[in-house]
């Protein structure tokens with residue numbers, strides 16, 4: 001599964017897209033509003049599911065190499081966050097789903113579609 | 001008396017902090033200090049101070065320190081016409097002392113804390129071996145900094161860094177969340193651009209970001225310096241305070257002093273320092289309350305990495 005596959009799955013709004021979102025694989029999910037926890041997770045090829053719409057959230061996603069970010073609960077990202085996500089080439093989606101419902105939907109999609117390789 | 005220089009990394013050469021921690025008081029102090037005995041009359045103290053141009057004399061017998069007498073004590077004795085009394089009646093008995101093996105930073109913070117012009121220095125056996133003044137410190141600092149300047153000048157002459165190698169310094173400010181993390185993202189991009197292995201980049205980025213955000217969240221500001229060579233990435237973070245009361249506790253997962261506001265921004269879970277340590281190959285921390293915290297981490301670039309990197 002790729003990050004772009006998540007757009008229909010989550011009925012998501014694309015705030016920031018990147019050329020890599022069609023190709024980079026998604027295998028795991030980290031769901032947290034606590035960036036300290038995101039920084040200690042030992043995973044690759046993951047998406048960050050969060051309701052924290054701050055610049056530091058995008059910086060954290062970049063530094064830990066997240067494939068992309070999903071902003072839940074219909075949170076509207078501030079303009080500075082969108083700009084930063086563009087600068088760092090991190091795709092950013094928004095969904096009206098709750099964090100739990102978004103995780104559930106991604107989990108189901110991972111089971112159905114599995115690894116793109 | 002002139003104040004000691006401001007030792008904040010932003011206003012001083014970056015290596016200053018390293019100098020003041022790696023230099024011991026033994027290297028800075030004046031040895032074989034002129035001393036007097038308890039029964040020496042104040043008139044002798046007056047002559048010694050005048051002849052030797054000193055403003056304070058330790059009272060010691062066979063290396064054992066009994067007190068210290070200053071110019072102020074002498075002036076008081078003069079005013080009261082007590083020139084023939086033994087110095088033991090005029091001296092300060094509760095003397096603040098330093099030890100030979102302490103770092104120079106300790107002497108500097110002691111001078112900042114007390115308004116005395118000099119401190120007796122004792123060895124491990126508590127015997128008087130020297131005396132340290134602000135002048136001694138300043139002379140040492142000037143000499144060491146001159147050495148550093150010479151070293152930097154020769155480094156500049158040899159600078160050739162279009163590739164992976166890099167020396168760069170960033171400044172952080174307290175609670176500046178807008179810019180917090182910029183240093184780490186810049187360095188991460190540099191490493192990615194030079195094809196450093198993804199898992200190594202992640203470790204370096206995490207160590208860097210944890211330390212950078214620690215400075216933004218907890219310190220009153222400081223610097224974060226990167227030295228990238230084909231062998232390793234070295235990150236040196238230095239802040240101007242307030243310092244960490246208990247370093248062992250700060251290295252314990254879950255221990256935090258962050259407030260709710262910091263936590264609402266997604267930080268302050270008490271995982272930063274332990275996480276930076278976890279992802280690093282070498283980790284060094286030194287902190288002194290009211291002075292600041294220095295952390296140095298090194299992450300080695302392995303052999304395979306060296307072949308890939310350009």
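The values are calculated or read from the model by the stated rules, or taken from the named source; none is laboratory data. Please read all numbers here as calculations on a predicted model, not as lab measurements. Heads up, the Cβs are rebuilt from the backbone with ideal geometry, glycines too, and the neighbour counts pull from every protein chain shown.
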Of the numbered conditions (1) at pLDDT below 95; (2) surrounded by 15 or more Cβ atoms within 10 Å (Cβ to Cβ); (3) outside any loop (DSSP other than H, G, I, E, B), residue A:111 satisfies every one except a single condition; which is it? (2)
Can you confirm whether residue B:175 is part of a loop (DSSP other than H, G, I, E, B), in the same structural domain as residue B:237 (by TED's automatic domain parsing) and at pLDDT 85 or above? yes
Scanning for something free of Cβ contacts under 8 Å to residues at least 40 places away in the same chain, outside any helix (DSSP H, G or I) and in contact with a strand residue (DSSP E or B) (Cβ under 6 Å, 6 or more places away or on another chain), does the range B:125-136 turn up at least one residue? no
How many of the residues making up the range B:19-54 are within 19 Å of residue B:82 (Cβ to Cβ) and surrounded by 14 or more Cβ atoms within 10 Å (Cβ to Cβ)? 12
Restrict the check to the range B:189-203 and report whether at least one residue is surrounded by fewer than 15 Cβ atoms within 10 Å (Cβ to Cβ) and away from every other protein chain (no Cβ under 14 Å). yes
From the list B:273, B:236, B:249, B:265, exactly one residue is without any contact (Cβ under 8 Å) to a residue 24 or more places away in the chain and either more than 14 Å from chain A (Cβ to nearest Cβ) or under 24 Å from residue A:50 (Cβ atoms) (or both). Which is it? B:249
Sort out which residues of the range A:23-78 are out of contact with any strand residue (DSSP E or B) (no Cβ under 8 Å at 6 or more places or on another chain) and away from chain B (no Cβ under 13 Å), and write them in order of number. A:73
Using the structure shown, decide if residue A:49 is surrounded by fewer than 19 Cβ atoms within 10 Å (Cβ to Cβ) and outside any helix (DSSP H, G or I). no
Qualifying position, being within 13 Å of chain A (Cβ to nearest Cβ) and either without any contact (Cβ under 8 Å) to a residue 24 or more places away in the chain or touching a strand residue (DSSP E or B) at 6+ places or on another chain (Cβ under 7 Å) (or both), among B:221, B:243, B:180: B:180
Given (1) under 30 Å from residue B:270 (Cβ atoms); (2) at pLDDT 95 or above, residue A:82 misses just (1)
Within the range B:64-81, track down each residue that is exposed (fewer than 12 other Cβ atoms within 10 Å of the Cβ) and part of a helix (DSSP H, G or I). B:75, B:79
Go through the range A:79-108 and count every residue that is assigned to a loop (DSSP other than H, G, I, E, B), out of contact with any strand residue (DSSP E or B) (no Cβ under 8 Å at 6 or more places or on another chain) and either away from every other protein chain (no Cβ under 14 Å) or surrounded by 17 or more Cβ atoms within 10 Å (Cβ to Cβ) (or both). 4
Tell me, please, whether a residue that is surrounded by 23 or more Cβ atoms within 10 Å (Cβ to Cβ), in contact (Cβ under 8 Å) with a residue 40 or more places away in the chain and part of a strand (DSSP E or B) can be found in the range A:60-68. yes
Evaluate the following for residue B:290: is it within 11 Å of chain A (Cβ to nearest Cβ) and out of contact with any strand residue (DSSP E or B) (no Cβ under 7 Å at 6 or more places or on another chain)? no
For the range B:88-104, which residues satisfy the criterion of being assigned to a helix (DSSP H, G or I) and either modelled with pLDDT under 90 or closer than 23 Å to residue B:123 by Cβ (or both)? B:104
Can you name the residue in the range B:252-262 that is free of Cβ contacts under 8 Å to residues at least 12 places away in the same chain and within 14 Å of chain A (Cβ to nearest Cβ) and, of all such residues, is surrounded by the most Cβ atoms within 10 Å (Cβ to Cβ)? B:261
Sole residue being crowded, with 18+ Cβ neighbours inside 10 Å, in contact with a helix residue (DSSP H, G or I) (Cβ under 6 Å, 6 or more places away or on another chain) and at pLDDT 95 or above, chosen from B:208, B:287: B:208
